[in-house]
Every structure is written in structure tokens, then in C-alpha cells.
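Participant: I'd like to ask you about the structure that follows.
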Amino acid sequence: MTHDIDMIERANAMPSRPMMLMDENSLWGADIYIDVSKRVPGAQTTTLSGTFIPKVFEGPYEDAWKWEQEMREYVESQDEEVEKIFFYYPMCPKCSKAYGKNYAVLMAKIK
């Protein structure tokens, strides 16, 4: 991730309020989507579009699987179907520890 951030900064493409979305697609890894303000030479890029339903959760990272299940149930209760769920952590683990809270925003892309 350090390499990616360096590329973004060298391209002067870091937005004023950067956001990273995680596609936690396995127990051992995740795809990370880093918001940029413009094209970054040499970077693999994509555009995320669609309709999303967000929901905020609080608790330890180990509860992520519970949050995902709750998110799926919430989306279904809205008569929608989940296509993919992205995780957004507004604070780094160090900050979460300092503030005594760990927040996560799950963004469900709906079909």
C-alpha cells in the first residue's frame, strides 16, 4: 500500500479527503480501492459506480463477518439484493485505539 500511496502523491492525485474501500474477498486478503483526484500513471485503476446503501458499525475488527451478515440482512429488508460489499474504515487502528472506538462503514452495492 505504501507503494500505491507514493505513486498517488507523485502524481499529485491525492484528494483532500482520501477514502479507501476494502473488498474483503477472502480470509487472507482484500482488494483495496484508493480514491484519487485524477489519473495516476502506472496505476491499475477502475471506476466504481452504481447504487450503494451505507450502514455504520462499531466494534472490533474481528466482528467484520458479523457486520457483513447484518448488512446483507439490512439490504434484504429494504427489498434490495447485494451485489458486493465494501468496507470503509474512517480511522486507522492506532486512532481507533486512542479514541476508544472502532467504526466501520459498510457500503453495499445493490443489483
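Participant: What's the number of the only condition in (1) surrounded by fewer than 14 Cβ atoms within 10 Å (Cβ to Cβ); (2) of a type outside the set (D, E, K, R); (3) within 12 Å of the chain's Cα centre (by Cα) that Tyr99 fails to meet?
Facilitator: Failing condition for Tyr99: (3).
Participant: Further, regarding this structure: Being touching a strand residue (DSSP E or B) at 6+ places or on another chain (Cβ under 8 Å) and not in a strand (DSSP E or B): is that true of Ile8 here?
Facilitator: So Ile8 passes the test.
Participant: Any residue in segment 54-73 that's farther than 9 Å from Leu106 by Cβ: show its pairings with residues that are at pLDDT below 95 and surrounded by 14 or more Cβ atoms within 10 Å (Cβ to Cβ) at Cβ separation under 6 Å, as long as the two are six or more apart or on different chains.
Facilitator: Matching pairs, first to second residue: Glu58/Tyr103.
Participant: Next question. Out of curiosity, is Lys94 modelled with pLDDT under 95 and surrounded by 11 or more Cβ atoms within 10 Å (Cβ to Cβ)?
Facilitator: No, not satisfied.
Participant: Quick check on segment 1-41: of everything there that is at pLDDT below 90 and of a type in the set (Gly, Ala, Ser), which residue is surrounded by the fewest Cβ atoms within 10 Å (Cβ to Cβ)?
Facilitator: Checking each candidate, the answer is Ser26.
Participant: What's the number of the only condition in (1) free of Cβ contacts under 8 Å to residues at least 24 places away in the same chain; (2) under 14 Å from the mean Cα position of the chain (by Cα) that Ile34 fails to meet?
Facilitator: Single failed check for Ile34: (1).
The values are calculated or read from the model by the stated rules, or taken from the named source; none is laboratory data. None of these values were measured; they are calculated from a predicted model. Methodologically, a virtual Cβ is constructed for each residue, glycine included, from the backbone with ideal geometry; neighbour enumeration extends over all protein chains shown.
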